[in-house]
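Student: One structure coming up, written as structure tokens, with questions to follow.
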Amino acid sequence: MEKIDVHTGRAVPLRASNVDTDQIIPAVYLKRVSRTGFEDGLFAGWRGSDPDFVLNRPEHSGASVLVAGPDFGTGSSREHAVWALRDYGFRAVLSSRFADIFRGNSLKGGLLTVLLPQEVVEKLWDMVEADPTTEVTVDLVNREVRAPGVQEAFELDDYTRWRLMEGLDDIALTLGHTEGIAGFEQARQRWLPVTQ
Amino acid sequence: MRRPDLTIATEDHNVPTQDLLAPIADPVSRKQVETLRKNCSDFGVRLHPMGDIEQGVVHVVGPQLGLTQPGMTIVCGDSHTSTHGAFGALAFGIGTSQVEHVLATQTLPMAPFKTMAVTVNGTLRPGVSAKDIILAVIAKIGTGGGQGYVIEYRGAAIESLSMEARMTVCNMSIEAGARAGMIAPDQTTFDYVRGRAHAPKDEDFDAAVEHWKSLRTDEGAVFDAEVVLDADELSPFVTWGTNPGQGVPLDASVPDPTSFEDPTARAAAEKALAYMDLAPGTPMRQVSVDTVFLGSCTNGRIEDLRTAAEIIRGRKVADGVRMLVVPGSMRVKEQANQEGLGRIFEEAGAEWREAGCSMCLGMNPDQLQPGERSASTSNRNFEGRQGRGGRTHLVSPQVAAATAVRGMLSSPADLVSL
Ligand code: SF4
């Protein structure tokens with residue numbers, strides 16, 4: 001996993017609430033068996049049907065920070081939503097509310113999701129719309145977001161932050177506790193089902 | 001892989017629901033299914049492939065086999081894993097990397113969830129179902145209302161539900177934003193589990209029941225949030241928009257976006273109505289559909305098929321309407337055929353398919369065409385969920401059946417006058 005500490009990049013304003021994962025990446029793209037190359041599926045419905053959709057506007061090409069409306073990532077648990085955002089080039093998504101599963105997936109998958117008050121989101125929207133070259137900094141070291149006239153702290157637990165900064169993978173961390181897992185398994189009730 | 005003996009796989013999302021013997025036409029789906037088969041054989045995981053009697057939607061198959069039991073922790077790479085919470089199991093959907101993590105370690109590092117009690121008092125009126133309960137809950141708390149919570153559904157109306165109906169309620173917890181939904185195990189639960197292929201046998205069953213009885217929430221427990229509903233006030237519910245929280249009673253009309261005070265909700269309503277091609281003020285009952293889909297892990301169980309068949313028996317699917325009836329599993333199909341339900345659907349002019357997720361999502365050949373409108377017993381009415389440009393109204397099996405007959409969103413009561 002790629003390490004993240006301080007990321008600075010241009011931002012895309014996505015003025016929509018309740019953007020579900022079916023919009024982020026439609027189901028047809030989930031049938032691939034690979035784990036990369038999902039950038040073509042990102043917002044495919046909107047990109048395909050609406051020439052005015054933000055990601056179709058040339059002034060936002062190459063942006064790496066997505067500033068989204070509330071309840072971003074609702075719906076299906078597909079992790080492809082995170083992969084598509086990351087493969088497209090986004091390193092961070094800012095919103096005033098994320099769906100739980102999406103948030104969990106993103107923090108595990110090295111896409112930094114940052115919770116900000118809605119006023120700050122609105123301010124960033126206005127700013128980026130007025131000047132698409134505006135740069136936004138997401139600083140994991142100091143846990144704050146910065147842009148011209150904006151300096152806003154965000155919360156992220158120490159453990160997740162450490163993992164993201166180290167680029168560490170969960171499985172390796174858990175395998176350090178193999179004895180504890182084996183102990184737990186010994187205590188399993190005898191009537192509980194097995195599949196074989 | 002740590003515990004193949006605690007793992008099961010089935011083919012559901014992208015399989016066709018007819019011509020099972022023909023190779024899967026879509027090369028990407030075919031590759032995915034082939035990859036699953038190879039992986040299961042390489043790692044010794046039990047798989048129910050297309051054509052197998054136990055094949056079907058994973059959330060129908062687990063309970064049916066008796067693999068879902070009270071007190072268990074169950075995860076699956078699908079958000080509707082919350083269905084299994086109907087048994088008093090902690091069951092939730094996980095992402096692909098978490099699936100990897102579970103396969104490798106049989107554990108998952110997690111932060112504790114918050115708790116929410118959704119109490120449904122009273123008694124459901126005839127024609128009103130579990131689906132209407134959960135759609136009303138979602139409309140009340142919103143699609144983000146359950147975020148961070150595990151919901152416990154309780155109260156007299158919940159206790160009187162069958163296991164199938166409890167699964168419908170828990171299934172859609174995720175549509176309220178909650179990670180999981182649970183119902184305390186009781187006699188209804190024990191009776192459902194008893195005798196199933198993987199249920200505990202003899203003294204083990206008694207010992208298990210003793211333990212299961214202890215799994216109830218303590219008297220006077222405090223929840224982080226509480227919601228109360230009265231079942232007597234509920235009526236058949238239907239969605240008008242593009243998220244499951246955008247619903248109204250079937251008796252009502254398409255809402256006017258300007259009636260929403262919250263600007264975000266207003267904008268969302270405007271966008272939804274444009275996508276759904278609905279004018280504010282149109283009575284929901286006057287909305288006509290092209291397709292009716294009865295199936296999915298929300299409403300593809302035997303009881304759902306029975307209820308719908310009851311309504312459709314001796315009637316015909318309206319001209320110009322296509323009705324797809326897709327059993328949740330091949331076992332459900334077998335049982336439905338034994339009970340003569342399959343014939344009832346076919347005689348009415350519906351298509352009686354093989355098991356799978358089918359038109360619940362546009363990932364297999366069963367899809368809506370752009371602009372087509374469906375009444376669907378599934379769980380998501382997102383833009384394009386049932387096929388690009390498709391328009392979905394979520395409904396109960398009763399409403400689906402009545403709608404198929406009238407060709408317009410309807411409740412069974414509307415058929416009496418036909
Ligand atoms: S029936 Fe629909 S919701 Fe259920 S598992 Fe299949 S695709 Fe998901």
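The values are calculated or read from the model by the stated rules, or taken from the named source; none is laboratory data. Computed from a prediction, not measured in an experiment: that's the story for all the values here. Glycine also receives a Cβ, built like all others from the backbone with ideal geometry; neighbour counts cover every protein chain displayed.
Student: Hey, could you check segment B:1-21 for residues that are within 11 Å of chain A (Cβ to nearest Cβ), within 16 Å of the ligand (Cβ to nearest atom) and assigned to a loop (DSSP other than H, G, I, E, B) and say which is nearest to A:THR178 (Cα to Cα)?
Tutor: So the residue we want is B:HIS13.
Student: Between B:THR115, B:THR119, B:THR105, B:THR123, which is hydroxyl-bearing (Ser, Thr, Tyr) and either closer than 21 Å to B:VAL58 by Cα or within 11 Å of another protein chain (Cβ to nearest Cβ) (or both)?
Tutor: The conditions single out B:THR105.
Student: Still on this model: Filter segment B:35-53 down to the residues that are within 12 Å of chain A (Cβ to nearest Cβ) and within 16 Å of the ligand (Cβ to nearest atom), then identify the one that is surrounded by the most Cβ atoms within 10 Å (Cβ to Cβ).
Tutor: B:HIS48
Student: Checking B:ALA265 against (1) over 23 Å from B:ARG406 (Cβ atoms); (2) surrounded by 21 or more Cβ atoms within 10 Å (Cβ to Cβ), which single condition isn't satisfied?
Tutor: Going through (1) over 23 Å from B:ARG406 (Cβ atoms); (2) surrounded by 21 or more Cβ atoms within 10 Å (Cβ to Cβ) one by one, B:ALA265 breaks only (2).
Student: Would you call B:ALA208 surrounded by 14 or more Cβ atoms within 10 Å (Cβ to Cβ), within 16 Å of the ligand (Cβ to nearest atom) and of a type in the set (A, V, I, L, M, F, W, C)?
Tutor: The answer is no for B:ALA208.
Student: What are the residues in segment B:119-140 that are buried (at least 22 other Cβ atoms within 10 Å of the Cβ) and either free of Cβ contacts under 8 Å to residues at least 12 places away in the same chain or more than 18 Å from the chain's Cα centre (by Cα) (or both), if any?
Tutor: B:VAL120, the sole residue that qualifies.
A quick yes/no check of all residues on (1) modelled with pLDDT of 95 or more; (2) out of contact with any Leu (no Cβ under 9 Å at 6 or more places or on another chain); (3) surrounded by fewer than 23 Cβ atoms within 10 Å (Cβ to Cβ):
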| site | (1), (2), (3) |
| --- | --- |
| B:ARG331 | yes, no, yes |
| B:GLN335 | yes, no, yes |
| B:GLY340 | yes, yes, yes |
| B:ALA350 | yes, no, no |
| B:PRO365 | no, yes, yes |
| B:PRO370 | yes, yes, yes |
| B:SER374 | yes, no, no |
| B:ARG388 | no, no, yes |
| B:HIS393 | yes, no, no |
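Student: Kindly evaluate B:ILE24 against the criterion of being assigned to a loop (DSSP other than H, G, I, E, B) and in contact (Cβ under 8 Å) with a residue 12 or more places away in the chain.
Tutor: no
Student: May I ask you to say which residue of B:GLY66, B:GLY95, B:GLY85 is more than 10 Å from the ligand (Cβ to nearest atom), within 23 Å of A:GLN189 (Cβ to Cβ), facing another protein chain (nearest Cβ under 7 Å) and not polar (S, T, N, Q)?
Tutor: On inspection, the qualifying residue turns out to be B:GLY66.
Student: Right, another one. Select from segment B:69-82 the residues that are outside any helix (DSSP H, G or I), within 14 Å of the ligand (Cβ to nearest atom) and not hydrophobic (A, V, I, L, M, F, W, C) and list them in ascending order.
Tutor: B:GLY77, B:ASP78
Student: Looking at segment A:176-196, I want the residues that are within 24 Å of B:HIS198 (Cα to Cα) and have a partner that is among the small types (Gly, Ala, Ser) and in a loop (DSSP other than H, G, I, E, B) with Cβ atoms under 9 Å, at least 6 apart or on another chain. Which pairs are those?
Tutor: Short answer, once both residue conditions are applied: A:GLN189/B:GLY71; A:TRP191/B:ALA199; A:LEU192/B:GLY71; A:PRO193/B:GLY66; A:PRO193/B:ALA197; A:PRO193/B:ALA199; A:GLN196/B:GLY44.
Student: When residues of segment B:282-307 are filtered for being among the basic types (Lys, Arg) and either under 19 Å from B:PRO249 (Cα atoms) or within 12 Å of the ligand (Cβ to nearest atom) (or both), how many remain?
Tutor: Total satisfying the criteria: 2.
Student: Could I ask something else about it? If B:PRO327 satisfies every condition in (1) surrounded by fewer than 24 Cβ atoms within 10 Å (Cβ to Cβ); (2) within 14 Å of the ligand (Cβ to nearest atom) but one, which is the exception?
Tutor: The number of the failed condition is (1).
Student: Now for a separate question. Hand me the list of helices (runs of 4 or more DSSP H) wholly inside segment B:262-345 holding 2 or more residues that are farther than 25 Å from B:GLY245 by Cβ and within 18 Å of the chain's Cα centre (by Cα).
Tutor: Because the criterion is at least 2 residues that are farther than 25 Å from B:GLY245 by Cβ and within 18 Å of the chain's Cα centre (by Cα), the helices (runs of 4 or more DSSP H) in segment B:262-345 that meet it are B:302-312, B:330-338.
Student: Still on this model: Anything in segment B:390-403 that is within 16 Å of the ligand (Cβ to nearest atom) and part of a helix (DSSP H, G or I)? List them, or say none.
Tutor: B:PRO397, B:ALA400
Student: Could you tell me whether B:GLN32 is within 26 Å of B:PRO200 (Cβ to Cβ), within 15 Å of the ligand (Cβ to nearest atom) and surrounded by 15 or more Cβ atoms within 10 Å (Cβ to Cβ)?
Tutor: no
Student: Applying the selection to segment B:348-389, what residues are within 16 Å of the ligand (Cβ to nearest atom) and not in a loop (DSSP other than H, G, I, E, B)?
Tutor: Hits for segment B:348-389 are B:SER358, B:MET359, B:CYS360, B:SER374, B:ALA375, B:SER376.
Student: Across segment B:88-118, what is the total count of residues that are without any contact (Cβ under 8 Å) to a residue 60 or more places away in the chain and aliphatic (A, V, I, L, M)?
Tutor: 6
Student: Under 6 Å between Cβ atoms, at least 6 apart or on separate chains: pull out the pairs that start in segment B:210-235 with a residue that is at negative phi and end on any residue that is surrounded by 15 or more Cβ atoms within 10 Å (Cβ to Cβ) and acidic (Asp, Glu).
Tutor: Final answer for the pair search is B:LEU234/B:ASP132.
Student: Looking at (1) in a helix (DSSP H, G or I); (2) closer than 30 Å to B:VAL317 by Cα, which one does B:THR242 not meet, given that it meets all the others?
Tutor: (1)
Student: Further, regarding this structure: What are the residues in segment A:177-196 that are assigned to a loop (DSSP other than H, G, I, E, B) and more than 10 Å from every other protein chain (Cβ to nearest Cβ), if any?
Tutor: A:ALA187
Student: Another one. Name the pairs: first residue in segment B:43-59 and under 12 Å from B:ILE8 (Cβ atoms) and assigned to a loop (DSSP other than H, G, I, E, B), second residue more than 16 Å from the ligand (Cβ to nearest atom) and among the polar types (S, T, N, Q), Cβ to Cβ under 7 Å, at least 6 apart or on different chains?
Tutor: As it stands, the answer is B:VAL45/B:THR7, since those pairs meet every condition given.
Student: Of the residues A:ASP139, A:ASP126, which is modelled with pLDDT of 95 or more, of a type outside the set (A, V, I, L, M), more than 21 Å from B:PHE113 (Cβ to Cβ) and under 19 Å from the mean Cα position of the chain (by Cα)?
Tutor: From the options A:ASP139, A:ASP126, the qualifying one is A:ASP139.
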